[in-house]
Amino acid sequence: MQDITVADFSERYLQEARTFYKSFSPLASVLKTFSSQYGPRQLATITPPDIHTYVHHRLKAGRKASTINQELALLRSAINYVRHHWGIDMPNPVSRQRLKTTALRLRYHSPTEAKALVQHANRRQVAMFIQLALHTGCRKNELLTLRWSDIDLDRAFILLRPENTKANKARAVPLNQTALKALQVLQEGNDSPWVFTNAKGEQKKSINWSFRKSLESAGIQDFHIHDLRHTFASWLVSEGVELIKVRDLLGHSTI
């Protein structure tokens, strides 16, 4: 095992990581890129200068510092895993490797912008997705994995399953009247177990393209789906809700 190559490490680790990684695609992409650069090398021979070279190539490829830091975090975690579980005796070359990033980006909607975005949504599901994100603070994946069995319309709450939350913990999310109305609209003519569906009634996997088109139609720039969650939080704070309650509604472990 000590002489395992980067290519073999990437392949085997990906197989094992399927059991504990929720968002598998980013990990697979990082290991594919890393393996394309160092595949034949023995993993134990990779050094910090090699990681610097990897970072340089990623910068030349146009990746942002924040994106590269996420890639480095995945690599660092993967190498720590194989050191501890596969018994490979090597220092982690990714330890303390991190690029400086610009100031934290924080973008959220004003009520006027939010209303315009909903009105310009190019599809009913997209409009209701936006309403739910704005009024529950749920993440994209938490909404797209919602089943009707997770929702209690009478008592006005959603129960998020632990396997669908970032913290891997179940979370109850209260529903205000706007969120309830959005779910009622989505329920009309929907015989699928999923709240958000494709044309075949199967679980909708992505809403990115439709969301971008809605932004363009509304004339809104520099806004991401996750910023809907920022908006939910900012509206709560502006209404005087205590930060500890905002933390709990968002499902964060700390303020």
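Please go through the stretch 242-255 and pick out each residue that is more than 16 Å from residue 165 (Cα to Cα), under 20 Å from the mean Cα position of the chain (by Cα) and open to solvent by 40 Å² or more (accessible area, probe 1.4 Å). Step through it out loud before you land on a result.
Filtering the stretch 242-255 for residues more than 16 Å from residue 165 (Cα to Cα) gives 242-246, 255.
Filter once more, so that each one left must be under 20 Å from the mean Cα position of the chain (by Cα): 246, 255.
Listed by number, the list holds a single entry, 255.
When you look at residue 13, is it in contact (Cβ under 8 Å) with a residue 24 or more places away in the chain and of a type in the set (Phe, Trp, Tyr), yes or no? Don't jump to the end; show me each part of the working.
Numbers: in contact (Cβ under 8 Å) with a residue 24 or more places away in the chain: yes; of a type in the set (Phe, Trp, Tyr): yes.
For residue 13, the condition - in contact (Cβ under 8 Å) with a residue 24 or more places away in the chain and of a type in the set (Phe, Trp, Tyr) - is met.
Only one of 186, 250, 215, 228 is over 16 Å from residue 121 (Cβ atoms) and among the aliphatic types (A, V, I, L, M). Can you tell me which?
On the way: 186 fails: over 16 Å from residue 121 (Cβ atoms); 215 fails: over 16 Å from residue 121 (Cβ atoms); 228 fails: over 16 Å from residue 121 (Cβ atoms).
When all the criteria are applied, what remains is 250.
Contact list please: Cβ distance under 6 Å, first residue in the stretch 219-245 and in contact (Cβ under 8 Å) with a residue 12 or more places away in the chain and among the polar types (S, T, N, Q), second residue part of a loop (DSSP other than H, G, I, E, B) and open to solvent by 30 Å² or more (accessible area, probe 1.4 Å), pairs at least six apart or on different chains.
231/108; 234/108
Take the stretch 119-145 and flag every residue that is open to solvent by less than 50 Å² (accessible area, probe 1.4 Å) and either of a type in the set (Phe, Trp, Tyr) or out of contact with any Leu (no Cβ under 8 Å at 6 or more places or on another chain) (or both). Working first, answer last.
Filtering the stretch 119-145 down to residues open to solvent by less than 50 Å² (accessible area, probe 1.4 Å) leaves 121, 125-139, 142-145.
Of everything in the stretch 119-145, those that are open to solvent by less than 50 Å² (accessible area, probe 1.4 Å) and either of a type in the set (Phe, Trp, Tyr) or out of contact with any Leu (no Cβ under 8 Å at 6 or more places or on another chain) (or both) turn out to be 121, 126, 127, 129, 131, 139, 144, 145.
How many residues does the stretch 12-27 contain that are surrounded by fewer than 15 Cβ atoms within 10 Å (Cβ to Cβ) and assigned to a helix (DSSP H, G or I)?
Filtering the stretch 12-27 down to residues surrounded by fewer than 15 Cβ atoms within 10 Å (Cβ to Cβ) leaves 12, 15-16, 18-20, 22-26.
Remaining after also requiring assigned to a helix (DSSP H, G or I): 12, 15-16, 24-26.
Residues meeting the conditions: 6.
Only helices (runs of 4 or more DSSP H) wholly contained in the stretch 152-241 count here; list those with 3 or more residues that are of a type in the set (Ser, Thr, Tyr) and open to solvent by 50 Å² or more (accessible area, probe 1.4 Å).
Ranges flagged: none.
The values are calculated or read from the model by the stated rules, or taken from the named source; none is laboratory data. Owing to the predicted nature of the structure, the values given are computational and were not obtained by experimental measurement. Positions of Cβ are backbone-derived with ideal geometry, glycine not excepted, and every protein chain shown enters the neighbour counts. Keep in mind that these areas ignore ligands, DNA and RNA; they rest on the heavy atoms of the full protein, side chains included. Shrake-Rupley method; radii C 1.70, N 1.55, O 1.52, S 1.80 Å.
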